[in-house]
Structure formats: C-alpha cells, structure tokens
Amino acid sequence: MHKLIEKAKETHLLSKDELIELLCGDDTDTDLFAAADAVRRQYVGDGIHLRGLIEFSNFCRNDCCYCGLRRSNKIERYRIDEETIFKLAEHAACRMGLKTIVLQSGEDLYFDKEKMCRLIRRIKTLNTALTLSIGEKSLDEYQAYREAGADRFLLRIETTDQKLYGETNPGMSWEKRIECIVNLGRAGLEIGTGILVGLPEQTIESYADDILFFRQVNADMIGIGPFIPHPDTPLKNALGGSLKMALKVMALTRLLLPDINIPATTAMETLAPNGQLQALKAGANVIMPNVTLTQYRKHYELYPGKSTVGYTPDESLNAVKDKIASLGRFVAEDFGFHRRFQA
Ligand code: SAH
C-alpha cells in the first residue's frame with residue numbers, strides 16, 4: 001500500500017502536499033477507498049444512518065451560478081405548509097422508523113425565526129433528531145433553532161477557494177459563509193459542511209484546502225457532491241464533476257476525520273446508478289432517503305436528473321434499504337450523533 005495511505009490510516013494526518021499527491025494519483029484509488037472503508041468500520045461501524053430529507057420550499061433569495069433553484073431562474077415555486085411538513089416528518093419518524101429528519105430549503109425568508117422554531121418544536125415531539133439545511137442565518141437565529149430543539153445544521157462552504165466562491169455565488173460573501181459555519185458550533189449545533197467537486201476552474205490544490213478546512217472547523221458531518229451542470233444556469237456548459245474525484249475527496253475526508261458522519265450523496269447516485277454504493281464502500285456511513293411528496297420533487301431541481309424524482313417516500317426508503325442489504329451492512333437504530341454529541 002502507498003506509504004501516504006498507510007500514514008493517513010494510522011495517524012489521520014496529512015499535509016496539503018500529501019493530500020495533493022493522493023488526489024493526483026490514479027493507481028492508488030483502490031487502496032485509498034479500501035483504507036477509507038476500513039477506517040469507517042473501525043470508528044463508526046457497519047450501521048448506516050438514515051436521515052429522512054424533506055425539501056420543504058424551493059424559494060431562494062440567492063443566485064448561485066450552479067443551482068437550479070437560483071433566484072433568476074423562472075421555475076414553479078412551492079412552499080409546503082407547516083401542517084403538511086409535520087405530517088411528512090411524522091410519517092418518516094413514526095411509520096418509516098427514521099431517526100433523523102432533515103428540513104432543507106432554499107433561503108426562503110417566509111420561514112422566519114418564529115415559524116421555524118414552531119416547526120422545530122413540533123417535529124421534536126416525534127422522538128427524532130432534527131437537522132436543518134436552510135442557509136445563512138444570524139447567530140441569534142441558530143441559537144433559537146438550537147433552543148427550540150434542532151440538533152444539527154448543514155451549510156456547505158461549497159469551495160474554500162475564495163475567488164471561485166465569489167464568482168459562483170454572486171452577491172454572497174465567503175467570509176460570511178465561514179462565519180456562519182463557525183456560528184453553528186457556537187450555537188451548539190452539530191456542524192455539517194462540505195463542498196461541490198468539479199466547479200469550473202476548481203483545482204486539486206483547493207480540494208486539499210477543503211479537506212484541511214473540514215478539520216479546522218471541527219466538522220461533525222461532511223457532504224461531498226459532484227457538481228452537475230443545470231441547463232438553466234450560467235454554468236450550463238460546464239463539464240461538471242466526476243464521481244471518481246468526488247469519491248477520492250470523500251475517502252480522504254474519512255481518513256482525516258475518522259469518526260464523523262459522511263453521507264453517500266444523491267448527486268453521486270445521479271452520476272452513476274451505483275454511485276451511492278461505491279460511496280458506502282469508500283468511507284460513507286449515511287444515506288438521506290427523500291421523504292418529500294412526489295408532487296414537489298420535480299420542482300426541487302438543484303441539478304438535472306436527480307435520482308429521487310418521481311418516487312414516493314416509501315419507494316425511496318425501500319430503494320435505500322435494498323442497497324444497504326446488498327452490501328451486507330445494516331440500518332443503524334440509534335440517532336447517529338457524532339461522538340462529540342453523544343450523551
Ligand atoms: N439553500 C441551502 C440548502 C439547499 S442546496 C444552502 O444553501 O445551504 C443544498 C446543496 O445542493 C448545496 O449546498 C449545493 O452544494 C448542492 N447543489 C446545488 N446545485 C448543485 C448542482 N448543480 N450540482 C450538484 N449539487 C448542487
């Protein structure tokens with residue numbers, strides 16, 4: 001085995017140059033994925049945590065150049081009402097047995113602090129962990145969500161390349177993004193972040209920086225997705241990311257942050273029919289089955305071809321369970337908190 005993979009497996013430390021060497025190499029991928037799989041088993045075991053994803057609004061005030069929900073895009077916008085969101089969460093928690101609910105949306109100002117806190121308090125009566133993925137908010141809001149019962153928050157840095165971030169997120173600030181991620185921790189939420197892989201001009205060097213950034217901010221969860229160009233966005237003609245590079249960045253993230261939660265992302269599955277299976281064999285230990293009503297899914301088009309469009313919540317869960325069974329792994333029965341947050 002390559003000496004750097006050996007080193008990462010034992011010490012969970014690599015320098016930027018060492019990360020770059022492994023990201024560039026092609027012949028070491030099989031060993032890299034196997035090492036990440038072994039570290040995953042050693043630190044977080046064979047159980048796979050399921051997080052039921054509810055895409056509750058596609059309104060967004062931002063204009064990210066890669067995202068199909070960007071404000072300039074003329075799409076049919078929807079907001080699921082509070083009662084229906086609660087019913088979906090109830091179905092996921094009480095019928096499907098999911099231990100975490102994830103509420104995700106564009107940055108929709110309609111769901112203000114008061115509305116979100118009310119929803120959080122209601123969902124938390126279901127004996128489930130709760131993750132939010134609703135964008136940049138003030139520290140005061142993050143604290144209020146935490147007090148209302150939210151456990152975790154996902155906010156990807158998208159890229160630590162400040163110039164590229166500025167170009168692909170017009171009107172947004174890279175410093176503010178980082179401050180928000182740090183504030184999640186201050187508010188007592190589990191910190192979820194992550195990146196897109198394959199934005200135009202994104203470099204191997206920047207992936208190395210990204211992985212070191214994940215350690216620096218003490219991330220509890222890291223989501224890595226290949227960028228998939230959306231035809232109605234400024235980046236429609238871009239090449240997009242490869243599954244392989246996304247898996248490599250993910251595997252190295254597992255080696256350097258051995259005990260965190262890492263999802264096999266929907267974008268990986270969208271690029272290849274066995275994308276999530278490959279991820280689960282290269283360091284991932286989480287899947288987020290979509291539990292949004294079928295009628296809304298086609299309007300939550302972050303990128304085209306999203307593998308969950310057209311299915312019902314029960315169908316999505318069954319597909320995920322089949323995958324897990326085919327691997328000889330099992331669905332974890334606990335809430336799946338990062339070690340730092342276990343009571
Ligand atoms: N608005 C919230 C969450 C919704 S978007 C937020 O900004 O945090 C969730 C994630 O989808 C984003 O963080 C981004 O990394 C990913 N995404 C957006 N467009 C994409 C594309 N074209 N291909 C792949 N992933 C994309």
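Among the criteria (1) among the polar types (S, T, N, Q); (2) surrounded by fewer than 19 Cβ atoms within 10 Å (Cβ to Cβ); (3) under 20 Å from Ala34 (Cβ atoms); (4) in contact with a helix residue (DSSP H, G or I) (Cβ under 7 Å, 6 or more places away or on another chain), the one Asn218 does not fulfil is (3). Considering the conditions (1) within 15 Å of the ligand (Cβ to nearest atom); (2) out of contact with any Gly (no Cβ under 8 Å at 6 or more places or on another chain); (3) polar (S, T, N, Q); (4) within 25 Å of Gln342 (Cβ to Cβ), Ser133 is excluded by exactly one of them, (2). Please work out if Gly171 is surrounded by 22 or more Cβ atoms within 10 Å (Cβ to Cβ), in contact (Cβ under 8 Å) with a residue 40 or more places away in the chain and within 16 Å of the ligand (Cβ to nearest atom). Considered against the rule, which asks whether it is surrounded by 22 or more Cβ atoms within 10 Å (Cβ to Cβ), in contact (Cβ under 8 Å) with a residue 40 or more places away in the chain and within 16 Å of the ligand (Cβ to nearest atom), Gly171 comes out as no. Hey, any hits in the stretch 260-267 for a residue that's assigned to a helix (DSSP H, G or I) and more than 10 Å from the ligand (Cβ to nearest atom)? No, because not a single residue in the stretch 260-267 is assigned to a helix (DSSP H, G or I) and more than 10 Å from the ligand (Cβ to nearest atom).
Residues in the stretch 292-332 that are open to solvent by less than 20 Å² (accessible area, probe 1.4 Å), touching a residue at least 60 places away in the same chain (Cβ under 8 Å) and within 16 Å of the ligand (Cβ to nearest atom): Thr292, Arg297, Tyr300.
Of the residues Thr30, Thr100, Thr84, only one is touching a Lys or Arg at 6+ places or on another chain (Cβ under 6 Å) and either at pLDDT 95 or above or among the small types (Gly, Ala, Ser) (or both); which?
Result of the check over Thr30, Thr100, Thr84: Thr100.
The values are calculated or read from the model by the stated rules, or taken from the named source; none is laboratory data. This one's a predicted model, so the numbers in the text were calculated from it and none came from an experiment. All Cβ positions, even for glycine, are placed from backbone atoms using ideal geometry, and neighbour counts span all protein chains on display. We work out accessible area using only protein heavy atoms, side chains counted, and drop any ligands, DNA or RNA first. Shrake-Rupley method; radii C 1.70, N 1.55, O 1.52, S 1.80 Å.
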